[in-house]
1. Can you list residue pairs whose Cβ atoms sit under 7 Å apart, with the first residue in segment 137-153 being within 9 Å of Ala188 (Cβ to Cβ) and the second being among the aromatic types (Phe, Trp, Tyr) and surrounded by fewer than 24 Cβ atoms within 10 Å (Cβ to Cβ)? Count only pairs 6 or more apart in sequence or on different chains.
2. Please go through segment 149-172 and give me each residue that is open to solvent by less than 10 Å² (accessible area, probe 1.4 Å) and small (Gly, Ala, Ser), ordered by number.
3. Scanning segment 181-199 for residues that are among the hydroxyl-bearing types (Ser, Thr, Tyr) and open to solvent by less than 40 Å² (accessible area, probe 1.4 Å), which turns out nearest to the chain's Cα centre (by Cα)?
4. Just the residues that are part of a helix (DSSP H, G or I), among the small types (Gly, Ala, Ser) and within 17 Å of the chain's Cα centre (by Cα), please, taken from segment 159-176.
5. Residues Arg198, Arg209, Arg143, Arg180: which one is at pLDDT below 95 and not acidic (Asp, Glu)?
6. Taking Glu57 as meeting all but one of (1) open to solvent by 40 Å² or more (accessible area, probe 1.4 Å); (2) touching a Ser or Thr at 6+ places or on another chain (Cβ under 9 Å); (3) closer than 20 Å to Cys17 by Cβ, write down the number of the exception.
7. May I ask you to verify whether Ala127 is open to solvent by less than 60 Å² (accessible area, probe 1.4 Å), under 23 Å from Gly76 (Cβ atoms) and of a type in the set (A, V, I, L, M)?
8. Which condition from (1) open to solvent by 30 Å² or more (accessible area, probe 1.4 Å); (2) under 9 Å from the mean Cα position of the chain (by Cα) is the one that Val99 breaks?
Amino acid sequence: NALAAHTNSAEVQEAGCLALWNLAKDERVCTQILQANGSKSIVTAMIVHEGNSGVQEAACGILAALARWENQATLGQALIIERAVHAMRTHFCNQALQVEACAFLSNLTRRHKNNQYAAVKAGAVAAIVTAMQSHAASEAVQRHGCDALHKLAEENKDSQIAVLQAGGVDDIVAALKNHRSCEAVQTAGCWSFYVLSRRSAEGQACIVRAGGVD
């Protein structure tokens with residue numbers, strides 16, 4: 001109710017999204033949030049306050065939390081995905097926002113072909129690659145970026161091609177080389193290579209050319 005009643009207040013919208021984010025720790029609460037039209041309020045906040053980095057970060061955070069559970073169909077609306085990608089592009093310097101947006105895209109597209117297609121159409125691959133390039137020193141961005149590329153391309157030939165054409169392999173290789181001591185980055189990067197090379201001669205060749213075998 002607070003979010004709906006004070007749409008023009010950036011402070012209320014950020015605080016409200018942060019509160020929902022903290023509450024969204026289990027599936028039951030996430031279901032309650034969605035049944036109360038929470039996703040609509042979150043997207044409205046992102047539209048009205050598109051220039052406010054704090055609101056966008058909090059909104060991406062709650063979206064990532066909601067998408068952890070079996071809510072992919074509900075959250076797979078084109079407008080929601082487009083707003084997350086728009087936030088990544090507009091606030092590319094906000095490292096925490098990039099982490100949460102990548103986590104949202106990863107959770108949203110996990111074994112969900114319709115959402116994979118919608119995310120690619122919305123420009124998610126380019127946004128993820130840009131995030132990884134802009135925050136090369138961040139283990140969190142690299143881990144969640146690799147994971148998002150993995151989930152987007154899993155069992156989806158068109159998405160695999162989109163990642164290859166966007167230069168995603170080069171960024172995965174860079175993540176693996178720059179964060180050798182981070183187990184989470186290494187795991188996410190190797191999974192990305194697995195799905196990109198599976199039954200794909202083009203993907204295999206691209207990974208070898210980029211130095212992925214080294």
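1. His150/Trp191
2. Result: Ala153, Ser159, Gly168.
3. Ser192
4. Passing the criteria: Ser159, Ala162, Gly168, Ala175.
5. Arg198
6. In the conditions (1) open to solvent by 40 Å² or more (accessible area, probe 1.4 Å); (2) touching a Ser or Thr at 6+ places or on another chain (Cβ under 9 Å); (3) closer than 20 Å to Cys17 by Cβ, Glu57 misses (2) alone.
7. For Ala127, the condition - open to solvent by less than 60 Å² (accessible area, probe 1.4 Å), under 23 Å from Gly76 (Cβ atoms) and of a type in the set (A, V, I, L, M) - is met.
8. Looking at each condition in turn, Val99 falls short on (1).
The values are calculated or read from the model by the stated rules, or taken from the named source; none is laboratory data. This one's a predicted model, so the numbers in the text were calculated from it and none came from an experiment. Don't worry about glycine lacking a Cβ; one is built from the backbone with ideal geometry, like all the others, and counts go over all protein chains shown. Calculation scope for accessible area: heavy atoms of the full protein, side chains included, ligands and nucleic acids excluded. Shrake-Rupley method; radii C 1.70, N 1.55, O 1.52, S 1.80 Å.
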